[in-house]
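Q: What follows is a single structure, and I will ask about it in a moment.
The values are calculated or read from the model by the stated rules, or taken from the named source; none is laboratory data. Just so it is clear, the structure is predicted and the values come from calculations on it, not from any experiment. All Cβ positions, even for glycine, are placed from backbone atoms using ideal geometry, and neighbour counts span all protein chains on display. Only protein heavy atoms, including side chains, enter the accessible area calculation; ligands, DNA and RNA are left aside. Shrake-Rupley method; radii C 1.70, N 1.55, O 1.52, S 1.80 Å.
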Amino acid sequence: YRYGGAARPPRGELEATALDIEPLVALADRLPFEPALRKELEIYAPHGSFYDVALKWSGQWPQPQQYSVKGRFVNLGLNPVGRLPGFHGVSGSLDGNERGGTVSLSTQNVAVEMPRVFRDKLVFETFAAQVGWQRNGEKYEIRFNDISFSSRDLAGSVTGVYQTVPDSHGLIDLTAVATRADARGLTRYVPLQVGERVRTWLETAFPGGTTNDIKVRLKGNLNDFPFPEGKGGLLQVTARVTNGVLEYANGWPRVENMEGEVTF
């Protein structure tokens, strides 16, 4: 690590065949890290292991003018901070720089925390993904390619693209398909932007039912989600239901053995 001066910015380089993050974080106050980096390590609390790591940067942290990073990671975890999700137990590889990059994931028993989007932690038995990002000025475009997942309630895949927008939750164009779903657990995947009354009703209205064909289409500015009256974007869900059970409300008759298609 070289401290910066008037003529040139600070710069650093790290290479390691194997690196455990937690001991590094514990020693952060004894290493030549800038105060902003030490603070981020404390907030994000990263843990896990990296292999075949090559990291270079030039500029003041946390926004260096240039950087490059490449390596594999195993059981990586971070706390959720701001808009960034938290996760635990993630394994894969990373190759990126200040202009863009890719992340490849292939992992089991992974947990994802998105407290601004979902009420509960999402746990997946298997999770695989190819995610790429590009930076254009202060804007980012993130592409979700070949994302597949499986949990006790749900199995399926996702493709799409997300773009950051200043003073906005961003633009999204996403398609998701579920090949297996249990109605009793689907409320875990209903975003908090859907009203609490609706989410509470969904938790009790469908005590049974399965499907092997769900399609979700989401497109538009997330500031306008869930796009009331179809304005500002598209939210469409279709599902084929088997052995469905509906308890609409107290005092209403229970409906069982439903077969059909649900669209909203």
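Q: (1) open to solvent by 50 Å² or more (accessible area, probe 1.4 Å); (2) modelled with pLDDT of 90 or more: which one isn't true of ASP167, the others all being true?
A: (2)
Q: Please enumerate the residues belonging to region 141-161 that are open to solvent by 50 Å² or more (accessible area, probe 1.4 Å) and either without any contact (Cβ under 8 Å) to a residue 12 or more places away in the chain or more than 15 Å from the chain's Cα centre (by Cα) (or both).
A: ARG152
Q: List the strands (runs of 3 or more DSSP E) inside region 1-109, counting only whole elements, that have at least 2 residues being within 30 Å of LEU154 (Cα to Cα).
A: Result: 47-58, 66-78, 86-97.
Q: Name the single residue, out of those in region 85-133 being touching a Pro at 6+ places or on another chain (Cβ under 9 Å) and aromatic (Phe, Trp, Tyr), that is farthest from GLN193 (Cα to Cα).
A: PHE87
Q: For residues that are acidic (Asp, Glu) and at pLDDT below 95, scanning just region 96-126, find the one that is nearest to ARG83 (Cα to Cα).
A: By that ranking, first place goes to GLU113.
Q: Scan region 72-86 for residues that are open to solvent by 50 Å² or more (accessible area, probe 1.4 Å), of a type outside the set (Lys, Arg) and in contact with a Leu (Cβ under 9 Å, 6 or more places away or on another chain) and jot them down.
A: Hits for region 72-86 are LEU84, PRO85.
Q: Please verify whether GLU42 is more than 21 Å from GLY71 (Cα to Cα) and open to solvent by 100 Å² or more (accessible area, probe 1.4 Å), treating the condition exactly as stated.
A: yes
Q: Please go through region 98-113 and give me each residue that is open to solvent by less than 40 Å² (accessible area, probe 1.4 Å) and either more than 19 Å from PHE149 (Cβ to Cβ) or touching a His at 6+ places or on another chain (Cβ under 9 Å) (or both), ordered by number.
A: Scanning region 98-113 gives GLU98, GLY100, GLY101, VAL110, ALA111, VAL112.
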